[in-house]
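Structure record follows, encoded as structure tokens.
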Amino acid sequence: VLASLPLQMMLYFNVYYFPIWCLAEGMMLQLKYHLLPQHYQFLLVTAFLILSLAEGSRLYLGYVGNLQEK
């Protein structure tokens with residue numbers, strides 16, 4: 001079984017767009033943070049951290065798994 005070229009291309013571009021998304025999302029979170037109630041502040045920061053960690057893990061595992069044919 002060979003590595004999937006379309007999957008590898010999507011992962012490759014996603015690796016470069018992910019930091020841009022993180023930066024834009026972080027800036028938007030910073031701009032509206034003080035306008036929100038405390039429980040929404042906590043939820044937004046928690047969701048941002050979980051999504052960032054999950055996306056980073058997904059990209060790493062997909063990249064390594066596709067190249068090693070797993």
(Q) For a quick check of your reading of the model, give me the residue pairs whose first member lies in region 1-18 and is farther than 10 Å from TYR63 by Cα and in a helix (DSSP H, G or I), whose second is at pLDDT 85 or above and of a type outside the set (A, V, I, L, M, F, W, C), with beta-carbon atoms closer than 7 Å and at least 6 apart or on different chains. (A) PHE18/GLU55
(Q) Go through region 28-70 and report how many residues are loosely packed, with under 10 Cβ neighbours inside 10 Å and under 25 Å from LEU11 (Cβ atoms). (A) 3
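The values are calculated or read from the model by the stated rules, or taken from the named source; none is laboratory data. Because the structure is predicted, anything quoted here is derived from the model rather than measured. We place every Cβ from the backbone using ideal geometry, glycine too, and count neighbours over all the protein chains shown.
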